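S.K.: Once you've had a glance at the structure underneath, I'll fire off some questions.
The values are calculated or read from the model by the stated rules, or taken from the named source; none is laboratory data. A quick note: this is a predicted structure, and the numbers were derived from the prediction, not measured. Backbone-built Cβ (ideal geometry, glycine too); neighbour counts: all protein chains shown. In case anyone asks, the SASA skips ligands and DNA or RNA and just uses the protein heavy atoms, side chains included. Shrake-Rupley method; radii C 1.70, N 1.55, O 1.52, S 1.80 Å.
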Amino acid sequence: MRMIYMVLMIVVSISGYPLEGNMDRAAVLTKVLAQVPKCTGDLETINDVVEVKEHEQDFTVIIRQDCEPKHGEGPQMRTTYTYAVTPHSDVRLVEKKNGF
């Protein structure tokens with residue numbers, strides 16, 4: 001029995017122990033922001049985190065994205081993305097709204 005325990009400890013130390021159940025806001029935001037598409041053309045992408053809701057098992061993140069010319073002139077397009085993040089770090093787009 002002790003040998004099995006030692007082998008298990010070695011395997012866990014080599015492969016690492018997944019901490020998926022202990023997601024924090026920073027990790028969730030990093031995963032979500034990596035999924036938000038960039039603005040097309042010659043427009044600059046400005047992402048703003050509107051809201052992060054932590055539920056019992058998952059997170060809901062709302063991102064407002066403004067696409068505007070690199071020289072200013074204000075936003076040319078605004079899109080609001082709502083993402084759900086599961087305890088297993090799966091990021092899923094729930095809703096996409098275009099407009100101001």
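S.K.: So which of P18, P37, P75, P87 ends up being modelled with pLDDT of 90 or more and in a loop (DSSP other than H, G, I, E, B)?
M.R.: P37
S.K.: If you don't mind, there's one more thing I want to ask. Among V52, V61, V85, V36, which is touching a residue at least 60 places away in the same chain (Cβ under 8 Å) and either open to solvent by less than 40 Å² (accessible area, probe 1.4 Å) or under 10 Å from the mean Cα position of the chain (by Cα) (or both)?
M.R.: Of the residues listed, the single one that is touching a residue at least 60 places away in the same chain (Cβ under 8 Å) and either open to solvent by less than 40 Å² (accessible area, probe 1.4 Å) or under 10 Å from the mean Cα position of the chain (by Cα) (or both) is V85.
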